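The block underneath contains the structure these notes are about, expressed in structure tokens.
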Amino acid sequence: MRYNEDFHITCRALQHADVIILLGARLNWILHFGLPPRYSASVKVVQIDICPEELGNNSQSYVGLHGDIKAVTKQVFMSTSLSPPPPPPPPPP
């Protein structure tokens with residue numbers, strides 16, 4: 001039952017999102033190609049991928065950023081007033 005509730009919450013969030021940031025993901029059949037009715041018709045997609053040929057491959061990206069996800073997201077945070085999340089704790093010995 002919980003999976004079903006989470007799925008519907010996620011679907012509603014996607015349908016009403018103004019911006020979706022894809023980190024190394026492809027807008028393929030699994031993600032309904034970023035098209036309505038699963039997504040808002042006016043949604044803006046920011047796609048970050050290490051493979052330049054994947055940028056805008058299955059759907060038009062509003063912004064396509066080519067590069068390593070960790071490096072690009074760090075640069076995005078540094079160029080805005082947002083603070084990057086803290087680094088994860090080191091693994092236990």
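What follows draws every value from the coordinates through simple rules; no lab data is involved. Please read these numbers as outputs of a predicted model, since none were measured by experiment. As a convention, Cβ positions derive from the backbone with ideal geometry for all residues, glycine included, and neighbour counts pool all protein chains shown.
Length available on full extension from D68 to C11: 0.36 nm per residue minus the Cα-Cα distance, which gives 17.7 nm.
Residues whose amide H comes within less than 5 Å of that of L22, counting only those at least five positions distant or on another chain, are V46, Q47, I48 (H built at 1.01 Å from N in the peptide plane). Spin-label pair A25-N57: with each label point 7 Å from Cα along the Cα-Cβ axis, the two points sit 1.5 nm from one another.
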